[in-house]
Amino acid sequence: MNLLKKLGGILYFIYQWLIYIPIMAVVMVLTALITMLMCAFFNDRVWGFYPAKVWARLMCYLAFVRVKVVGHENIDKSQSYVFVANHQSMFDIYAIYGWLNVPFKWIMKKELETIPFVGKACKSAGHIFISRGQTKVAMSCMEEAKRKLTNGLSVVIFPEGSRTFTGEVGSFKRGAFQIATDLQLPIIPVTIKGAFDVMRRGTFRQRPGKIELIIHKKIDTSTYTNNQNELMQMVRKEIVDDI
């Protein structure tokens, strides 16, 4: 059994580098080009989301990664939300893009804007870049997020700021909770399970597996305007309790 498992790992490793990664590169560039072109002429609410959704699902299917979703009934598609998720792996992005099933904008690190094709496509799609450590720029980005959060368009934030090294959920930053309380928008916590085992931070090695996306019930933020720390800890506990 151990020999078969080891052989399977070797075969998957070969498949990843000779087949999956070349396909991923081509599909990523095509998705970026389609997004940039269509967003230049049409609504980024549609073209900033659906090409990436198809790309994300394809990347999971080709990696032999299954995604299970629990809690879609907790989303009212006419309502805007602040989705707050833990960050285990690059595959978190695929899982959320591919299976959240509502249009949204990411709030992401400014450094990602420099990635060839991807950064330009994300900017065209209307995603929001935040410069860490630059308070005035960060506040401007938060104002941009607030302007976009209307008519069922939501934002997704990884409040840890970066992927975990250990699989444990790190401390949360305040940005997501500031937006939610300022606009009195509900927060929906999202627990991501299994992505850490599929691809860990610091390695390009992938493994087939299963990711579970748990969409929790919304949390009314209207009573937490002056108590964001309590809201932050409550959301974090909701996410951690299901890992």
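Data table
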| item | result |
| --- | --- |
| Loop trypsin sites (Lys or Arg not before Pro), the stretch 170-223 (other Cβ atoms within 10 Å of the site Cβ: 15 or fewer; DSSP) | ARG174, ARG201, ARG205, LYS217 |
| The stretch 165-185-the stretch 8-86 distance, computed between alpha-carbon centres (Å) | 23 Å |
| Ascending count of other beta-carbon atoms within 10 Å, so fewest first, for TYR81, TYR94, TYR15, TYR61 | TYR61, TYR15, TYR81, TYR94 |
| Extension reserve of the ARG201-ILE23 stretch, reckoned as 0.36 nm per residue once the Cα distance is removed | 61.9 nm |
| Hull volume in cubic angstrom per residue (convex hull over the Cα atoms of the chain) | 125 Å³ |
| Order of VAL70, VAL169 - criterion: other Cβ atoms within 10 Å of each residue's Cβ, fewest first | VAL70, VAL169 |
| FRET efficiency, 1/(1 + (r/R0)^6) with R0 30 Å, evaluated for MET234 and SER78 via beta carbons | 0.75 |
| Among the listed pairs LYS53/LYS120; LYS148/LYS237; LYS123/LYS217; LYS77/LYS120; LYS68/LYS105, those beyond 20 Å (Cα-Cα) | LYS148/LYS237; LYS123/LYS217; LYS77/LYS120; LYS68/LYS105 |
| In the stretch 155-214, chymotrypsin sites (Phe, Trp or Tyr not before Pro) in a DSSP loop with at most 14 other beta-carbon atoms within 10 Å | PHE165, PHE204 |
| Candidate aspartates and glutamates - alpha carbon under 15 Å from LYS210, same-chain residues fewer than 8 apart omitted | ASP92, ASP197 |
| Three-way shape label, the stretch 1-111, alpha-carbon gyration tensor, a/c 1.5 | oblate |
| Whole-Hz ³J(HN,Hα) from phi, Karplus 6.51 cos²θ - 1.76 cosθ + 1.60, for the stretch 192-208, glycine and proline x | 10, 10, x, 5, 4, 6, 6, 7, 8, 5, x, 9, 9, 6, 9, 9, x |
| Protection proxy ranking, peptides 107-114, 45-52, average beta carbon neighbours within 10 Å, highest first | 45-52, 107-114 |
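Every read-out reported here was derived from the displayed coordinates using simple, explicitly stated rules and does not represent laboratory data. What you see is a predicted model, and the numbers here were worked out from it, not measured in a lab. Neighbour counts run over all protein chains shown; Cβ positions are idealised from the backbone, glycine included.
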